[in-house]
1. Sort out which residues of segment 350-389 are more than 26 Å from residue 308 (Cβ to Cβ), out of contact with any helix residue (DSSP H, G or I) (no Cβ under 6 Å at 6 or more places or on another chain) and either free of Cβ contacts under 8 Å to residues at least 24 places away in the same chain or assigned to a helix (DSSP H, G or I) (or both), and write them in order of number.
2. Taking helices (runs of 4 or more DSSP H) that fall entirely within segment 147-239, which contain at least 1 residues that are without any contact (Cβ under 8 Å) to a residue 60 or more places away in the chain and under 29 Å from residue 430 (Cβ atoms)?
3. Does residue 378 qualify as being surrounded by fewer than 16 Cβ atoms within 10 Å (Cβ to Cβ) and either over 25 Å from residue 461 (Cα atoms) or modelled with pLDDT of 90 or more (or both)?
4. Against the condition surrounded by fewer than 24 Cβ atoms within 10 Å (Cβ to Cβ) and without any contact (Cβ under 8 Å) to a residue 24 or more places away in the chain, how does residue 256 come out, does it pass?
5. Out of curiosity, is residue 341 part of a helix (DSSP H, G or I) and modelled with pLDDT under 90?
6. Considering segment 259-300 alone, what residues qualify as being touching a strand residue (DSSP E or B) at 6+ places or on another chain (Cβ under 9 Å), assigned to a loop (DSSP other than H, G, I, E, B) and closer than 18 Å to residue 222 by Cβ?
């Protein structure tokens, strides 16, 4: 049996043929599933635009890959229950579920067109810039250890002073401008905030073809900027550019303290973003010839945390058995627990701990939901590697508890009133937590009242505090829709959440706004139609001889380009 921490990936299995009608039960589900993307559901999203078709891939650890599961377990009233495709494919088409939740604006990272003419820092005020810089030094600079705050401040003063006689290189100016954009981003009441943000984005364009260590740092800072601005795909592209520039400039082989800090900062930021989006990381430890810090510094602890994150990520990218992945998940969880005190004390990144734990065990919650929907209350441990249902329940509970912790942590963070309303990356953390809590409410519906929906409502309240711009607007609307769907299930009853977003704030798809507006209205109308006869969890006659690996098995074609063999990879 191959461990989930093996360095090699099993070869792809033969794609199974489509099951015939005789293999299906009366409700259309197969009696025995072929190996397929079921729990580990990779999806592709496509959209036609005036400039051509956009195609994006998301792995199983992304929040978007959960949308098909939400459609399957929490169907919209008046619509048939949606089941994932029973034929193994490289990537599932996620467009239907994405449109169901009006998620196009989030999935495709549509940015507003700049409407401000940029005249440089001369069109801003020194006082506002000073506030933005101070906020950057307090909030973002600790995660960018390659920066020298003293040099950054001196360069800032030189840029705003007319008589210093100091000439700065373009990359040094770009570092200051990007720092101002990062510092201004959370401060929604700051004068010239939008101008600082647009200048940072414009500066990234001017640095596009420059290759040196400073431009690597600028590009990495822009990646952090775009993630906090709520554009994770653009963040991922900036990270890829920064990594390629680092290799091109030989930063990974430059034996200086600044080079080492730059490379490991790249490693950490890509680790967290890739896991959150289900993307393939391009930078591995073996690519960095410089030794990582082994001291008690913030950066050393962050690197150690991100190695644990990557261990969790591997579970999503190896084709293994339930028992092997359960063992691996427990091992990673133990690493997190052993390191949790250091995380809280030295990194101030508790949210990374909770998100990693949530994603680590979320597949087991989805597996429990699949078993419940198919009427399976128990399995034979002898046929499933010794795994019992109680162990699956415990693993699922870890994910549910992590979702609670994310909501509680954000609630305590927001209560500090330290100006986090402009950091839209919190919307993605809350989104993942709310989706898991919603599925937990469905899973535990038969076990009496619980506070899962109450936590979802708290998460929704926190989302609204982030404002009404994208991606917060679409995320809030999706959480509302999920709540309404849950209340409309036959085993539940409760008030619908209709008054939460006004008509002028409803999200619309970029490709066809009028179509999605109509679809949104139809969705709300459909929620008011009750169909008690509709069974969400329809048993299909499976017995206790079920093999969990039939549901668990995955075929993940999300290979990385450095290891891709173009002569043997199917379809290339």
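1. 371, 372, 373, 377, 381, 382, 383, 389
2. Output list reads 170-184, 193-206, 213-228.
3. Considered against the rule, which asks whether it is surrounded by fewer than 16 Cβ atoms within 10 Å (Cβ to Cβ) and either over 25 Å from residue 461 (Cα atoms) or modelled with pLDDT of 90 or more (or both), residue 378 comes out as yes.
4. Yes, satisfied.
5. yes
6. Passing the criteria: only 279.
A quick yes/no check of all residues on (1) within 24 Å of residue 63 (Cα to Cα); (2) crowded, with 22+ Cβ neighbours inside 10 Å; (3) assigned by TED's automatic domain parsing to the domain that holds residue 141:
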residue	(1), (2), (3)
261	no, no, yes
287	no, no, yes
297	no, no, no
318	yes, no, no
326	yes, yes, no
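The values are calculated or read from the model by the stated rules, or taken from the named source; none is laboratory data. Since we're looking at a predicted model, the values are computed, not measured. Quick reminder, even Gly has a Cβ in these numbers, built from the backbone with ideal geometry, and neighbours come from all protein chains shown.
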